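The values are calculated or read from the model by the stated rules, or taken from the named source; none is laboratory data. Every value quoted in this text rests on a predicted model; they were computed, and no experiment measured them. Here the Cβ positions follow ideal geometry from the backbone for every residue, glycine too, while neighbour counts run over all protein chains shown.
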Amino acid sequence: MDVFILSREDHCPCTLDSCPSVIADRRIASLKPHEAVAALAEEGPTTPFVNRVAKVAEVDPAYRRAGVAKIFVQKTLEGQSTGDRPHWDWPIYGIGAVLYGIRETKVPQDDEILQYLFASYPAIIDIIFRDLPRFTPWNHCGLSRKCLVAWMIGAYVASKDPEMKRKMYDEKTLALVIWCWIDTSPDFPQRLYPAKLLMHMTEGSTDGKPNPPDRLENFAKGKKFTELSLWYEIAVLRSLISEWHPFARALLEGDIPKLAIAAIRRFMKTRPEEDFSPLLEECELLALQFISFCPTSETMKNFIYLLNDTCLIEIAVEGLKLASRQSAPLTGSGIFCQFLNTISHTLSVTGCGCECGCNFRSSHEFTEAARTAIERAGLLQPPLLLRMIENAPHFMGSLCVLSNALGISLDSVRERHRLDRQCCNVACPARTSGKRSEKKSACQKCQSVFYCDRECQKKDWSQHKRECATFAQERLKETE
C-alpha cells in the first residue's frame, strides 16, 4: 500500500494509547468488515480511521462486499472542506484502494461495484477540480495530495475498461493530470504517479487528446531522480511528441530536450554502478522522435539543436562504454546506431531531397554541428574502440561511415579538444572511464594545448611534438 502524508497527524509513529492513529488501528483489529464499514459511515472524512479502512479495503474483499466503496464515494461527494485540508483526500484514497483491490482479486460481485464507481467518476472529478488548487501548497502535504489525485485516477485507468477510458478524456481530468505532473517538484518521489499516468493516457490511439502543457519549467531539474522516475519522465515526453506533432515546438522553446538529456547524463555520472540501459534507449528514442514528429520546416532546426545545444552525443559515448562492459553483444536502441545512421543519411541528402521522402537535408551548418559534436565527445578514442569491436560491430560500422563522411580523425579530435581547452590526450581516463578530471594545465612551451596532468601530457607527446613549435610561433605572433 502506498503512503501519502496529507497532514502532520497522518502516520504518526508514536505508540501512545491516546494517539488517534493507534486508536484507529485497534478499532480496525476489533471490528468485523461489515462493522468497520458501518462505523466508517459515522466517521468524519479526514480521520485516521478512514485511512485505515482504505488500507484494508484493498487487500480484503469482504470490505468491498460490505459496501465500503459507496461510503467512500458518499464522503467525497457530500462532504464539505474546511480549514487547510479538503474533505475528500482519504475518501479518494479509499476509492483507489478498492479499484486496485478489484484488479488484484476480482470476483463476480465486483462488477456491480465497478459500475457504481465508473458512474460516480465525473462527480468525483468535479469535486477535486474545484478544490485542488486551494489545498495544494508547495510543501510535502500539498505535493503528496497532487500525487494522490493522480494515483486515484490511475486506479481508474488500471481497470482497463474501454468505456471508462473514453470518459476519462474530459477536459477536467486531463487538466488535473497535467497539472499534477507539472506542478510537483521533480525531486518528490511520488511524482512518478502523475508521470506514469500521463504516459498511459497519452500513448496509443484514443478519440480524446489533451492539449499539451503550456509550461514545463520544472521538468528534469530534479537532482534526486530514481532510474524508474526519470524513465517515466522521458516516456511522458515521448508520448507527448508522438501524439501531438506541434508539441515539439513547445519542447524546443522550453529547452526541454536539453534538460532531459542533461538529467540522464547527471544520473549516469552519479550512479555509475546502476544499469542505465533502459534510460539510454529512452534517450535515443526521444531524440529520434523529436526530429521526426515535428513540422517539416523545423526538422533540421531541431536536429541541429540536438547536436549543438545538448550533450546527446556524450550520452552516446556512455552507451558505448556500457556496451564495452557487457559480455553479450548489444542490439537495438540504446547504443545510438540508429541516431548515428540518421546523421549519415542526412549528410547524403542534397539538392532536391531524398527519394525516401524524408524531411532531412544536408547543409554546411548541419555538417559543422555533427562534426563538432562527435569530435567533442571523443568517439574515436582507440582504447574504447578496441573494446567495442567484438561487442557491437554494427555500432562500429555506423561510426566509421559517419567519421569518413565528416572527415573526422584523431588529429581533428585533438584539435577540437584543444580549441575547447580540454585534455588533448585522446586516451584520457577522464573520457574513457568517466573519472573526474582535475583542473587543466597548458603545455609550458606553446601554451596552446591542455592536459589533465603530467601523465596525460607524456602519453600525448608523440602527437604533440609535431605541432608544439608551430603553436608556439602562432602564439608569439598573437602577442606581438
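Can you name every residue in the range 61-76 that is surrounded by fewer than 21 Cβ atoms within 10 Å (Cβ to Cβ) and without any contact (Cβ under 8 Å) to a residue 40 or more places away in the chain?
Going residue by residue through the range 61-76, those that are surrounded by fewer than 21 Cβ atoms within 10 Å (Cβ to Cβ) are 61-62, 65-67, 70, 74.
Within the range 61-76, ALA62, ALA66, GLY67, GLN74 meet the criteria.
Restricted to the range 329-346, and to residues that are aliphatic (A, V, I, L, M) and modelled with pLDDT of 60 or more, which residue is surrounded by the fewest Cβ atoms within 10 Å (Cβ to Cβ)? Per the stated criteria, the residue is LEU340. The C-beta contact set for the range 339-361 (first residue touching a residue at least 24 places away in the same chain (Cβ under 8 Å), second residue of a type in the set (Gly, Ala, Ser) and in a loop (DSSP other than H, G, I, E, B), distance under 8 angstrom, 6+ apart or interchain) comprises THR346/SER362; LEU347/SER362; SER348/SER362; ARG361/GLY353. Does ALA123 meet the test of being touching a residue at least 40 places away in the same chain (Cβ under 8 Å), assigned to a helix (DSSP H, G or I) and surrounded by fewer than 16 Cβ atoms within 10 Å (Cβ to Cβ)? Yes; evaluated as a whole, the condition is true for this residue. Here MET201 passes the criteria (1) of a type in the set (A, V, I, L, M); (2) at pLDDT 80 or above; (3) closer than 18 Å to TYR121 by Cα except the one numbered (2). Among the criteria (1) closer than 30 Å to SER348 by Cα; (2) modelled with pLDDT under 85, the one ALA373 does not fulfil is (2). Out of all the residues in the range 453-479, which are under 23 Å from PRO429 (Cα atoms), surrounded by fewer than 11 Cβ atoms within 10 Å (Cβ to Cβ) and either touching a residue at least 40 places away in the same chain (Cβ under 8 Å) or among the polar types (S, T, N, Q) (or both)? Passing the criteria: only SER462.
Looking only at helices (runs of 4 or more DSSP H) that lie completely in the range 140-194, which have at least 3 residues being over 18 Å from VAL236 (Cβ atoms) and in contact (Cβ under 8 Å) with a residue 24 or more places away in the chain?
Values: elements: 140-158, 162-167, 171-182.
Qualifying helices (runs of 4 or more DSSP H): 140-158, 162-167.
Of the residues that sit in the range 77-95 and are surrounded by fewer than 24 Cβ atoms within 10 Å (Cβ to Cβ) and touching a residue at least 12 places away in the same chain (Cβ under 8 Å), which one is farthest from CYS141 (Cα to Cα)? Even if it seems obvious, please write down each step before you answer.
Initially, the range 77-95 is screened for residues surrounded by fewer than 24 Cβ atoms within 10 Å (Cβ to Cβ), giving 77-85, 87.
Now narrow it down to the ones that are touching a residue at least 12 places away in the same chain (Cβ under 8 Å): 77, 79, 81, 84-85, 87.
On the way: LEU77: 22, GLY79: 20, SER81: 16, ASP84: 11, ARG85: 9, HIS87: 14 Å.
Taking the candidates together, the pick is LEU77.
Here is a yes/no grid of residues against (1) touching a strand residue (DSSP E or B) at 6+ places or on another chain (Cβ under 6 Å); (2) in a loop (DSSP other than H, G, I, E, B); (3) more than 21 Å from LYS146 (Cβ to Cβ):
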position: ILE23; (1), (2), (3): no, no, yes
position: ALA29; (1), (2), (3): no, no, yes
position: ALA62; (1), (2), (3): no, no, yes
position: LYS70; (1), (2), (3): no, no, yes
position: HIS87; (1), (2), (3): no, yes, no
position: GLY94; (1), (2), (3): no, no, no
position: PRO108; (1), (2), (3): no, yes, yes
